[in-house]
Amino acid sequence: MASLLSTNLAILLLFVYLVSNSFVSANFYNDFDITWGDGRGKILDNGNLLTLSLDKSSGSGFESRNEYLFGKIDMQLKLVSGNSAGTVTAYYLSSKGTKWDEIDFEFLGNLSGDPYILHTNVFTQGKGNREQQFYLWFDPTADFHTYSILWNPQLILFSVDGIPIREFKNAESKGVPFPNNQPMRIHSSLWNADDWATRGGLVKTDWSQAPFIASYRNFNAEACVAKPGSPSSCGGSGSTASWWSEVVDSSKQERLKWVQKNYMVYNYCSDSKRFPQGYPPECNMG
C-alpha cells in the first residue's frame, strides 16, 4: 500500500502538510471566497461567521482558496429554519474536470416540523450514484453542529458531531475507483431545488418565507494542501498525522451501526430495484 501511495503522490503536485495540533477556527476572509450570489453571501463577525442567503432571484455560494488531497475537514453549520421545503444546502469537496471526484453532504429542506434529510454521495472519476440518506437525531436549525469529512488513503468517513454516519472504504482492489490523486476544494451553496428536493418535487419553495439563510463557523482543516513548488510532500510512510492512518475502530463501528439502524432512510446498497443485476462491488465489502 505504501509503495502504491508513493507512486500516486509522486505524479502529482508537491504537497505541504498543514499541522494543526489544536482546534483553531479559520478566518473566512483568509480561507474562502464568496463565488456567486450577488451579495447574498456575507462574511461577518471579523471573519468568524459566514452566511449564505437564498431568495426567489438567486442563491449563493463559496469555495475554499486551498485545494486538498486527503485530510480531516470540519465545519459547523446551522441550517435554514422554519419552512425550508425546496431548498438545498450543499457542503462538499470537489475537484475539476469531466472525471472529477466529489464527497458530498447535502441537506434537503422540509416543511416546518418535518425533518431535514441529510443526503451523502461519493463521486469518483465523474461517477456518483452512491447515495445514502439519513435523518438527524437533533434539530439542525436550532444551533450549530459539526459536519466532518475524514479522507485518507484507506477510507472516506462522514461524521456529525463526531459520530460516524457513513464509511466509504478504498475498494480499488475490487476495481472501484477511489479519490486519491485529484486535489479538491471545499464548496458550499444554498439554492432552490424544489423540482426534486422535498418529497420528489411535490412540495415547492414558499417564497414568502425568503430570504432563507444558512450559517457557517469554526472551519478547521488538518489536511494536505496543494502547493505547487513546495519542497516537501504529504503522506506516505513519513506522515505522523493521526488522521492519515485512521480507520473505523470497534467504538466507531458501534456508533456507525447505531446511526444506520435508527436514522438511515435510503441506502443504494440495498436498493434491489435499482440494481437488479447485482449491487456495486463496494456494497459487498465487510
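The values are calculated or read from the model by the stated rules, or taken from the named source; none is laboratory data. The model shown is predicted, which means the values in this text are computed figures rather than measured ones. As a convention, Cβ positions derive from the backbone with ideal geometry for all residues, glycine included, and neighbour counts pool all protein chains shown. Please note that ligands, DNA and RNA were not included when accessible areas were found on the heavy atoms of the full protein model with its side chains. Shrake-Rupley method; radii C 1.70, N 1.55, O 1.52, S 1.80 Å.
Tabulated data
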| item | result |
| --- | --- |
| Tensor-based shape of region 57-147 (alpha-carbon gyration tensor, a/c under 1.5 rounded, otherwise prolate or oblate) | prolate |
| Most to least packed among 201-207, 74-80, 157-163 [average Cβ atoms within 10 Å] | 74-80, 157-163, 201-207 |
| Region 35-187, relative contact order in percent, only Cα pairs under 8 angstrom and at least six apart counted | 24 |
| Shape box of region 104-220 [Cα atoms, principal axes, largest first, Å] | 51, 30, 25 |
| In Å², nearest 10: area of Arg274 left accessible to a 1.4 Å probe | 80 |
| Relative contact order (%) - the chain, alpha-carbon pairs under 8 angstrom, separation at least six | 29 |
| 222 nm mean residue ellipticity, helices alone, for the chain (DSSP H n ≥ 4; -39,500 (n - 2.57); rounded to 500) | -2500 deg cm²/dmol |
| 13 Å beta-carbon shell around Ala221, net charge (K/R +1, D/E -1) | -1 |
| Segment Met285-Phe144, length gained on full extension (0.36 nm per residue, minus Cα span) | 47.4 nm |
| Spatial separation of Cα centroids for region 33-52 and region 239-277, in angstrom | 33 |
| Ranked by how many other beta carbons lie within 10 Å on average, peptides 212-220, 87-95, 41-49 from highest | 87-95, 212-220, 41-49 |
| Share of carbon and sulfur in the accessible heavy-atom surface of region 173-227 [1.4 Å probe, %] | 47 |
| Which label in (i) 52, 50, 46; (ii) 56, 54, 38; (iii) 57, 50, 37 gives the computed Cα extents along the principal axes in Å | (iii) |
| Integer Hz, Karplus 6.51/-1.76/1.60 couplings in order for region 151-163, x for Gly and Pro | 10, 9, x, 8, 6, 10, 10, 8, 9, 10, 6, x, 9 |
| Normalised per residue, the volume of the convex hull around the Cα set of region 140-209 (Å³) | 164 |
| Translational D in µm²/s for region 178-225 (Stokes-Einstein at 25 °C, 0.890 mPa s, Kirkwood Rh from C-alpha pairs) | 169 |
